[in-house]
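Heads up: the structure comes next, in structure tokens.
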Amino acid sequence: MSIHLWTEIQQLRERIPVGIKPAQRLLTQTKGDVAAAVTCFHAEQTALLKEKAGITLQEAERFLLQAGYDFAQSLKLIEQKRYTLTELILRKYNNKNEAVDKIALAIAYEWNLTRRYWFCDDDLKNLPPVLRCFMLVCEWRNYDGWEDFSSALFFELTRYCEQLTMLGLHKLAATLMTARKYYDELLSVHGKKAHEIVCQDKRFNALEALYHQQEYAIDDALVTLAKNNLDVFPCRHQKVP
């Protein structure tokens with residue numbers, strides 16, 4: 001490659017986001033005219049975006065200008081215009097559990113929820129009912145994962161079971177209430193030693209296993225809740241970790 005061509009490539013790349021080989025092709029097409037190569041690049045990108053995104057040439061040009069002719073960024077801007085933040089999360093994350101976690105983060109951000117370690121029902125009282133349901137369910141499950149099942153039975157269990165029932169997960173709610181009732185029976189007999197005993201208790205362990213075997217249905221229900229209430233779930237396109 002001649003020094004002259006390399007200089008032209010550098011000049012072109014200072015004006016448009018293009019690789020070395022595409023820049024060389026453009027300069028070959030325009031016989032070394034950098035300004036004409038820029039115009040050619042803009043036309044190519046506009047036509048390509050129009051085709052890929054199914055929009056008009058005018059719309060494609062507007063998005064490209066907004067993104068500094070960065071094609072990937074242009075597509076991202078189009079997605080943000082077409083979809084709410086919740087929809088984008090659901091489109092991006094095929095793993096429903098991961099999608100649910102991201103939506104919960106978005107709700108906490110959008111509603112400026114102040115975390116004092118665990119969100120209790122009172123912390124979520126100002127949320128719309130569907131968001132309160134979503135967050136209570138997420139928080140109880142996180143508590144269960146961080147602490148343990150037996151401890152989680154004493155964390156907002158009544159409210160959690162109410163939300164499960166609202167989601168149509170009656171068997172899960174019943175399993176939890178049965179587990180809590182049995183734990184209370186052990187407490188009445190063994191007092192403080194109940195926690196040590198319950199960890200080895202076959203009936204209690206069977207109830208815990210039954211709950212976790214059915215737990216996959218919660219992610220399905222929460223994703224459906226979000227899809228059916230997109231007007232309530234987060235819309236703004238802030239970054240979610």
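For this structure, a couple of remarks:
- Criterion: farther than 17 Å from PRO17 by Cβ, open to solvent by less than 20 Å² (accessible area, probe 1.4 Å) and in contact (Cβ under 8 Å) with a residue 60 or more places away in the chain - qualifying residue of ALA104, ALA99: ALA99
- Matching option when the condition is more than 21 Å from the chain's Cα centre (by Cα), at pLDDT below 95 and surrounded by 16 or more Cβ atoms within 10 Å (Cβ to Cβ), among LEU172, LEU207, LEU186: LEU186
- Condition check for TRP111 on (1) at negative phi; (2) open to solvent by less than 90 Å² (accessible area, probe 1.4 Å): one failure, at (2).
- Cβ-Cβ under 7 Å pairs, at least 6 apart or on other chains, region 112-138 side closer than 18 Å to SER151 by Cβ, far side exposed (fewer than 14 other Cβ atoms within 10 Å of the Cβ): none
- Selection within region 189-204 - among the aliphatic types (A, V, I, L, M) and exposed (fewer than 13 other Cβ atoms within 10 Å of the Cβ): VAL189
- LYS81, sole failed condition from (1) of a type outside the set (A, V, I, L, M); (2) part of a helix (DSSP H, G or I); (3) in contact (Cβ under 8 Å) with a residue 24 or more places away in the chain: (3)
- Verdict on ALA37 being of a type outside the set (Ser, Thr, Tyr) and in contact with a Lys or Arg (Cβ under 9 Å, 6 or more places away or on another chain): yes
- Among residues of region 68-77 being closer than 30 Å to LYS227 by Cα and surrounded by fewer than 19 Cβ atoms within 10 Å (Cβ to Cβ), the one that is nearest to the chain's Cα centre (by Cα) is LYS76.
- Scanning region 147-169 for residues that are closer than 19 Å to GLN214 by Cα, of a type in the set (A, V, I, L, M, F, W, C) and open to solvent by 40 Å² or more (accessible area, probe 1.4 Å) turns up just one, MET166.
- Here THR86 fulfils each of the conditions (1) part of a helix (DSSP H, G or I); (2) hydroxyl-bearing (Ser, Thr, Tyr); (3) without any contact (Cβ under 8 Å) to a residue 40 or more places away in the chain; (4) farther than 28 Å from LEU26 by Cβ apart from (3).
The values are calculated or read from the model by the stated rules, or taken from the named source; none is laboratory data. Note that the structure is predicted; figures quoted are calculated from it, not measured. Neighbour counts are summed over all protein chains in view; Cβ atoms, including those assigned to glycine, are modelled from backbone coordinates with ideal geometry. Keep in mind that these areas ignore ligands, DNA and RNA; they rest on the heavy atoms of the full protein, side chains included. Shrake-Rupley method; radii C 1.70, N 1.55, O 1.52, S 1.80 Å.
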